Amino acid sequence: MKKLFTSAVLALVFSINVYAQEKTYFDENWEKTTPENMEYYRESTSKGKLTLLKDFYKNGTLQMEGLASDTTPNSEVFEGKVTWYTPEGKVMNTITYSGGKQIGPSQSYDAKGRLIEDMIYKADGNFSGKMFSYKDAEDGIEFNILVDYENSMPIKTTVYDDDIKGIRHETIIDKDSNTETKYYGEKGKYLGTGTSSGSGENMMADYYSNPMRISKIEKYRKDGSVKEGVIYSTSGKILQEQKMNKKDGYKTTYDESGKKIGHLVYGYDKENDAYNPMEGEDYQLAYQYSQISSIDVYQNGSIVATKIFDEDGKLASEKTLKDEVTQEIKYYSPDGKLKSTLTHKDGMPYNGTFYEELSEQQYKDGLIVNIKRYTLEKKLQADKKLNTKQMSYEGIVYDNTGAPLYTFTQRLSEDGDEDYNFTAQIVQYVKGKPANKASVKGGVLQSGKIKVRTLNGAKELERSGKWVLLKLYNGDGKMIQETKILADAEDEFITGETQTTIEENDLYYPLE
């Protein structure tokens, strides 16, 4: 009889629980829906004055659980600890509530289950605690970072490798936003401190990543000038060391094997309280100090030569100076062969070719006789030549397929230079055939019609009497504005999109 009574009680309890539990279905936006269209579902169970909410992913994995005094979807009033889970079942967030307000401990975790936030929230909304970010080469995060917060403000940032007590640097921020950074080397050895206030002597350290190593240390005087510095290679060898004494100073550069390759002597200028290069070679290092970017050579306090190296560390150009005035520049191909020699007269280019990134300028007797521009793919984009009478330039601009986009004749000013304000006769081509003609003087359209590219699309200008008819197009080629503006209007509120001036550079952005 006792056994029969127990079974009846269990059945009654089970039936009550089933009856008390409700199930609601939601779509991907957490809007109520039918079982067939659901992405999530909720089970609600009464717990005295509160309701236990359990949300599940479609596959039955728990998505959230917690108590609530109001269970209205998207407007729940939670009470106590609420936990959210990833689709894989890992804890994503835990938040503590009181009357629906976030008060108390709160933790968040990343996809790997690592703690990224550990905070305590107060009733006034302020929080204190820690935030973590972890190094990730794919995302470009080179170091682990811990930020400490107090009353919602960061008070300390620690940048470290694997051991938070090992190699690292710590920055403390006071209530006035002044910072103090402490630098540590291998095994957590203290190196020195740098402050933003500038009071006293300071130091600064840079670090390589993966693994974290010292790359550079500089120490500064009270006035902010460099007192001494050292640059290290990734293997820990000294690449460059610098030291400034009371009357002079030096900078010595070494290669990876430790061989000295450059030495620069500084002289102290007491009147200007500055150290000036006097004798030797000044090496500038780039790409994590692994390559030489430039070398300046000094004699008797004057720079006499400069060598520039490309991103592969090969000599790109070599400049010779006298009394700090350029005499000539030699340009080299990547294979080391001499490409061009540009001589100077009175410090200005005179004969030869000048190279700069995606353009080159050829000089003859001080005049630019040819200018070529190239695309990032090294295709010829524009070619402008001085005509035989040396009265004007004849230019042609190509589109991405190599077909002509514009041709123009641009006159020289009376002193032989190009006009500062663009003056030219322009022919515009469409599908390789002449389509529009335009006359421009001092950047102002005098007659004809022309279409050029803008930052957000294109603009078409047509002269009609004293007016310029303006049409603006979006990136899809659809006209979005049509207006007319006085050709000589000088309105400071006219933007680059709507201005009616034409510059030479407007021709170098091919219409798609």
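The values are calculated or read from the model by the stated rules, or taken from the named source; none is laboratory data. Owing to the predicted nature of the structure, the values given are computational and were not obtained by experimental measurement. Positions of Cβ are generated from backbone atoms using ideal geometry, with glycine treated the same way; all protein chains shown enter the neighbour counts.
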- Which of the residues that make up the stretch 353-405 are polar (S, T, N, Q), part of a strand (DSSP E or B) and under 20 Å from Glu503 (Cβ atoms)? Ser359, Gln361, Gln381, Ser392
- Restricted to the stretch 482-512, and to residues that are modelled with pLDDT of 85 or more and in contact with a Ser or Thr (Cβ under 8 Å, 6 or more places away or on another chain), which residue is farthest from Gly442 (Cα to Cα)? Thr483
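Look through the stretch 134-145, keep the residues that are outside any loop (DSSP other than H, G, I, E, B) and either aromatic (Phe, Trp, Tyr) or within 12 Å of Asn210 (Cβ to Cβ) (or both), and return whichever of them is modelled with the highest pLDDT.
In the first step, residues of the stretch 134-145 are kept if they are outside any loop (DSSP other than H, G, I, E, B); the result is 136, 141, 144-145.
Within this subset, residues satisfying the condition of being either aromatic (Phe, Trp, Tyr) or within 12 Å of Asn210 (Cβ to Cβ) (or both) are 136, 141, 144.
Details: Asp136: 93, Ile141: 93, Asn144: 97.
The qualifying residue modelled with the highest pLDDT is Asn144.
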- Message: Test of understanding: among Met119, Met153, Met131, which residue is surrounded by 16 or more Cβ atoms within 10 Å (Cβ to Cβ) and over 26 Å from Pro211 (Cα atoms)?
- Response: Met119
- Residue among Phe127, Phe143 that alone is within 23 Å of the chain's Cα centre (by Cα) and either within 19 Å of Asn93 (Cα to Cα) or touching a residue at least 60 places away in the same chain (Cβ under 8 Å) (or both): Phe143
- Among the residues of the stretch 321-352, count how many are small (Gly, Ala, Ser), in a strand (DSSP E or B) and under 33 Å from the mean Cα position of the chain (by Cα). 0
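Only one of Glu39, Glu43, Glu22 is within 22 Å of Trp84 (Cα to Cα), surrounded by 11 or more Cβ atoms within 10 Å (Cβ to Cβ) and at pLDDT below 95; which?
Details: Glu39 fails: at pLDDT below 95; Glu43 fails: at pLDDT below 95.
So the residue among Glu39, Glu43, Glu22 that is within 22 Å of Trp84 (Cα to Cα), surrounded by 11 or more Cβ atoms within 10 Å (Cβ to Cβ) and at pLDDT below 95 is Glu22.
Looking only at residues in the stretch 259-303 that are assigned to a strand (DSSP E or B) and aromatic (Phe, Trp, Tyr), which one is surrounded by the most Cβ atoms within 10 Å (Cβ to Cβ)? First the steps, then the outcome.
As a first pass, look at the stretch 259-303 and keep what is assigned to a strand (DSSP E or B): 260-269, 274-286, 291-299, 302-303.
Filter again for aromatic (Phe, Trp, Tyr), leaving 266, 268, 275, 283, 298.
On the way: Tyr266: 24, Tyr268: 16, Tyr275: 20, Tyr283: 22, Tyr298: 19.
Only one residue fits best here, namely Tyr266.
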- Query: Can Tyr109 be described as crowded, with 16+ Cβ neighbours inside 10 Å, hydroxyl-bearing (Ser, Thr, Tyr), assigned by TED's automatic domain parsing to the domain that holds Asp27 and under 30 Å from Val159 (Cβ atoms)?
  - Reply: yes
- Item | Unmet requirement for Gly258, which otherwise passes all of (1) at positive phi; (2) within 28 Å of the chain's Cα centre (by Cα) | (2)
- Note on the structure: Condition set exposed (fewer than 13 other Cβ atoms within 10 Å of the Cβ) and over 35 Å from the mean Cα position of the chain (by Cα), scope the stretch 397-429, selection modelled with the lowest pLDDT: answer is Gly416
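Across the stretch 306-328, what is the number of residues that are acidic (Asp, Glu) and in contact with a Ser or Thr (Cβ under 8 Å, 6 or more places away or on another chain)? It would help to see each step written out before you state the result.
Taking the stretch 306-328 as the starting set, the residues that turn out to be acidic (Asp, Glu) are 310-312, 318, 323-324, 328.
Subsequent filtering for residues that are in contact with a Ser or Thr (Cβ under 8 Å, 6 or more places away or on another chain) retains 318, 323-324, 328.
Number of matching residues: 4.
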- Subset of the stretch 166-197 (residues that are part of a loop (DSSP other than H, G, I, E, B), surrounded by 13 or more Cβ atoms within 10 Å (Cβ to Cβ) and at pLDDT below 95): Asn178, Ser196
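When you go through Thr326, Thr343, Thr353 one by one, which is the residue that is touching a His at 6+ places or on another chain (Cβ under 6 Å), closer than 30 Å to Glu504 by Cβ and hydroxyl-bearing (Ser, Thr, Tyr)?
Details: Thr343 fails: touching a His at 6+ places or on another chain (Cβ under 6 Å); Thr353 fails: touching a His at 6+ places or on another chain (Cβ under 6 Å).
After applying the criteria, what remains is Thr326.
Based on this model, can you work out whether Val468 counts as over 26 Å from Ile368 (Cβ atoms), modelled with pLDDT of 90 or more and among the aliphatic types (A, V, I, L, M)?
Values: over 26 Å from Ile368 (Cβ atoms): yes; modelled with pLDDT of 90 or more: yes; among the aliphatic types (A, V, I, L, M): yes.
It is true that Val468 is over 26 Å from Ile368 (Cβ atoms), modelled with pLDDT of 90 or more and among the aliphatic types (A, V, I, L, M).
Scanning the stretch 228-254 for residues that are charged (D, E, K, R) and under 31 Å from the mean Cα position of the chain (by Cα), which turns out farthest from Glu279 (Cα to Cα)? Write out each step before concluding.
So the first thing to find is which residues in the stretch 228-254 are charged (D, E, K, R), and the list is 228, 237, 241, 243, 246-248, 251.
After this cut, where a residue has to be under 31 Å from the mean Cα position of the chain (by Cα) as well, the list is 228, 237, 241.
Numbers: Glu228: 18, Lys237: 25, Glu241: 16 Å.
Among those that are charged (D, E, K, R) and under 31 Å from the mean Cα position of the chain (by Cα), it is Lys237.
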- Query: Can you spot a residue in the stretch 359-366 that is closer than 26 Å to Glu460 by Cα and surrounded by fewer than 18 Cβ atoms within 10 Å (Cβ to Cβ)?
  - Reply: no
- Message: For the stretch 436-452, which positions are loosely packed, with under 15 Cβ neighbours inside 10 Å and more than 16 Å from Asn421 (Cβ to Cβ)?
- Response: Lys437, Ser447
